[in-house]
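Chemist: Quick one: structure below, then a few questions.
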Amino acid sequence: MSNLLPLFQTALELGLISSLTVLALFLSYSMLNVCDLSTDGCFTLGAVVGATVALAGHPWLSIPAAMLAGVLSGFVTAFLQTKMGVDSLLAGIIVNTALYSINIAIMSGSSLVNINKSETVFTKMQAWLAGIGLDKFNKLVVALIAVGLVALFLYLFLKTKIGLAIRATGNNPDMVRSSSINPVMTTIVGLCVANAFTGLSGCLLAQSQKSVNIDIGSGMVTIALASLLIGRTFIRSRRMGFKIAGTILGAFIFRLVYTVALRFHMPAYMLKLVSSIIVIIAISGPYIKSKFPMIARRFKRAGAKKQTAGEGK
Amino acid sequence: MLKITDISKTFNPGTVNEKTALSHLSLTVNDGDFISIIGANGAGKSTLFNAIAGSFFTDEGSIELDGEDITLMPEHIRAKAIGRLFQDPLRGTAPDMSIEENLALAAGHGGWLSRISRKEKQMLREKVALLNMGLEDRMDSPVGLLSGGQRQALTLMMATINPPKLLLLDEHTAALDPATSAKVLELTEKIVAENRLTCLVITHNMQSALSQGNRTLMMDGGNIIYDIAGDDRENLCVEDLLKMFKDRSGKALDNDRMLLTKDE
């Protein structure tokens, strides 16, 4: 038991940190109906910017800096798909590719940055919590605060007029236009906000593991989608607060299952295969289910044919 | 109030699919007009509405609304002055959002960062109660759960919650069952009369094209072939209308729905 608890704590910390990306996809994928494939690159961008600013001696500043970098990346993705005639999936892929170069450039040409010796938001928090003897929980506290603030912001934001307009854009853009709202604007705002969360998520992960490499965000979009879809199966409420809570829960469950699987000697490199399979099952499951009556009929008919053929002999 | 001058629109120009949907069409709509538009399939009725609402820009010509040139104004800005309903009742509402949220977006009160206030909730509820469909007790349910007729009635309320200068109705009751259709039509007339809206209606019902409103337009080949009002219109019956069409266009009206629709 004593060595299970830290395991659970690690899963919770990592789950919370990655849940910020899942919340970003909740906004872009579930609400705005845009599959933002720049997520991987944007996550890395947040990590790289966060690490670089922390390394320069400004751990607190690293957070707004990473979020701002995310906003910029989201703006470019949104601009390409709304104003430049680039298909929305392609816009994400293009930005993702471009970010690879940009991220390495920010790390001054290196693909790895170590921030072992530099102050981070986590070491700052550790110093504060040491006073009350809770310094072991520094990562958890930072992650909880970040997720709490982002979730609260998202909850309030989606109830504002701009939030409603963003939801309507993903639902029925015709209706948005006839309500005298420009869906281009809502798409841009939505993707900027979502990518700010993704940037923050990357920033926190980089600082919690005290290093960042260029691959830190690879596969993030699939992992986050898997978490999002897991959360959706656990909490099916229509109420916004529950949906957001479900999203965070999904991220945590994903991490927990992954951590347990590691304990049972699943090699770590299997993570991405597993998350891909989860996404496939979650998306194609309902589709296959809807096709099932037809498949069943076909089998029945084939069976009946065989039977009549047999009788004919 | 609406002045359309010599507009044309050709789709897919220079290809085998080239289609002239509007050809040098001009039309002046007066304040308070209620105009019924009839015509065969492909006559350009919906294309005319698309041009007025700004779904595309015309190739040439100009459109003026209340003295303002809107020829090159984007669709969402025109939407402030132009309300529109389609035949498909699913087109005007966001299904995953509640009745209240749909209406609040259409009403557009308050700033971008404001939430739906209690006062606004009350106002929206009263508006929905006017529809007389019991929807005011379901303000929080998603619109996707409503029937086609309820959704169309709601869309009508959304289009007129800020009374537009011009209301475009594109066979907005054609997809509804007869009873619901009659109800939505009745609501439309009530709202149009109360707000004294200027209104263009595409219909496939020849009888209502003559009885409803004060003017009847007949379209063919991307242009208006008849514009009938006043006494001429009073004395006209459906047979005359069919004959007029044949005389002018050299063919019978081939709108199958039109032929199948009995006089009500």
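Chemist: Within region B:16-33, which residues are under 19 Å from B:LEU166 (Cα atoms) and part of a loop (DSSP other than H, G, I, E, B)?
Modeler: Within region B:16-33, B:ASN30, B:ASP31, B:GLY32, B:ASP33 qualify.
Chemist: Tell me yes or no: at least one residue of region B:56-68 is under 30 Å from B:THR216 (Cβ atoms), surrounded by 22 or more Cβ atoms within 10 Å (Cβ to Cβ) and within 12 Å of another protein chain (Cβ to nearest Cβ).
Modeler: no
Chemist: Okay, next question. Evaluate region A:277-285: report whether one residue or more is small (Gly, Ala, Ser), part of a helix (DSSP H, G or I) and either within 25 Å of A:ASN195 (Cα to Cα) or within 14 Å of another protein chain (Cβ to nearest Cβ) (or both).
Modeler: Yes, there is a match, as at least one residue in region A:277-285 is small (Gly, Ala, Ser), part of a helix (DSSP H, G or I) and either within 25 Å of A:ASN195 (Cα to Cα) or within 14 Å of another protein chain (Cβ to nearest Cβ) (or both).
Chemist: I would also like to ask the following. Return only the number of the condition from (1) crowded, with 16+ Cβ neighbours inside 10 Å; (2) among the hydrophobic types (A, V, I, L, M, F, W, C); (3) in contact with a Ser or Thr (Cβ under 8 Å, 6 or more places away or on another chain); (4) not in a helix (DSSP H, G or I) that B:LEU90 does not satisfy.
Modeler: In the conditions (1) crowded, with 16+ Cβ neighbours inside 10 Å; (2) among the hydrophobic types (A, V, I, L, M, F, W, C); (3) in contact with a Ser or Thr (Cβ under 8 Å, 6 or more places away or on another chain); (4) not in a helix (DSSP H, G or I), B:LEU90 misses (3) alone.
Chemist: If you don't mind, another one. Out of the residues in region A:169-199 meeting the condition of being within 14 Å of the chain's Cα centre (by Cα) and either within 21 Å of B:LYS80 (Cα to Cα) or aliphatic (A, V, I, L, M) (or both), tell me which one is surrounded by the fewest Cβ atoms within 10 Å (Cβ to Cβ).
Modeler: A:VAL193
Chemist: When the residues of region A:204-221 are filtered to those that are of a type outside the set (Val, Ile, Thr) and part of a helix (DSSP H, G or I), which remaining residue is nearest to A:LEU37 (Cα to Cα)?
Modeler: A:MET220
Chemist: Another question about this same structure. Being in a helix (DSSP H, G or I), under 17 Å from the mean Cα position of the chain (by Cα) and charged (D, E, K, R), is that true of even one residue in region A:34-44?
Modeler: Within region A:34-44 (the criterion being in a helix (DSSP H, G or I), under 17 Å from the mean Cα position of the chain (by Cα) and charged (D, E, K, R)), the answer is yes, since at least one residue qualifies.
Chemist: How many of the residues making up region B:10-25 are touching a residue at least 60 places away in the same chain (Cβ under 8 Å) and either surrounded by fewer than 19 Cβ atoms within 10 Å (Cβ to Cβ) or out of contact with any strand residue (DSSP E or B) (no Cβ under 6 Å at 6 or more places or on another chain) (or both)?
Modeler: The number of residues fulfilling the criteria is 3.
Chemist: Sticking with this structure for a sec: Could you give me the residue pairs with C-beta distances under 7 Å whose first residue belongs to region B:37-49 and is more than 17 Å from B:THR71 (Cα to Cα) and touching a residue at least 40 places away in the same chain (Cβ under 8 Å), whose second residue is part of a helix (DSSP H, G or I) and of a type outside the set (A, V, I, L, M) wherever it lies, and which are 6+ apart or on separate chains?
Modeler: What qualifies is B:ILE37/B:LYS45; B:GLY39/B:LYS45.
Chemist: Something else now. State all residues of region B:108-158 that are farther than 21 Å from A:SER180 by Cα, polar (S, T, N, Q) and at pLDDT 90 or above; if no residue qualifies, say none.
Modeler: B:GLN122, B:SER141, B:SER147, B:GLN150, listed by residue number.
Chemist: So which residues in region A:157-178 are farther than 15 Å from B:VAL143 by Cβ, hydrophobic (A, V, I, L, M, F, W, C) and at the interface with another protein chain (Cβ under 7 Å from one of its Cβ atoms)?
Modeler: A:ILE162, A:ALA165
Chemist: Continuing with this model, one more query. In region B:209-247, how many residues are loosely packed, with under 15 Cβ neighbours inside 10 Å, at positive phi and touching a residue at least 24 places away in the same chain (Cβ under 8 Å)?
Modeler: Number satisfying all stated conditions: 0.
Chemist: Go through (1) surrounded by fewer than 17 Cβ atoms within 10 Å (Cβ to Cβ); (2) under 12 Å from the mean Cα position of the chain (by Cα) for A:ALA268 and report which single condition fails.
Modeler: The one condition A:ALA268 does not meet is (2).
Chemist: Next question, about the same structure. Any chance region A:188-207 includes a residue that's within 14 Å of chain B (Cβ to nearest Cβ), within 27 Å of B:GLU101 (Cβ to Cβ) and without any contact (Cβ under 8 Å) to a residue 24 or more places away in the chain?
Modeler: No; the residues of region A:188-207 include none that is within 14 Å of chain B (Cβ to nearest Cβ), within 27 Å of B:GLU101 (Cβ to Cβ) and without any contact (Cβ under 8 Å) to a residue 24 or more places away in the chain.
Chemist: How many residues are more than 7 Å from every other protein chain (Cβ to nearest Cβ) and not hydrophobic (A, V, I, L, M, F, W, C) if we restrict to region B:79-110?
Modeler: Total satisfying the criteria: 8.
Chemist: Just give me the residues in region A:135-164 being within 13 Å of A:SER28 (Cα to Cα) and either among the hydrophobic types (A, V, I, L, M, F, W, C) or outside any helix (DSSP H, G or I) (or both), in sequence order.
Modeler: Listed by number, the residues that qualify are A:LEU154, A:LEU158.
The values are calculated or read from the model by the stated rules, or taken from the named source; none is laboratory data. Here the structure is a predicted model, which means the values were calculated and not measured. Cβ: placed from backbone, ideal geometry, glycine included. Neighbour counts: every protein chain shown.
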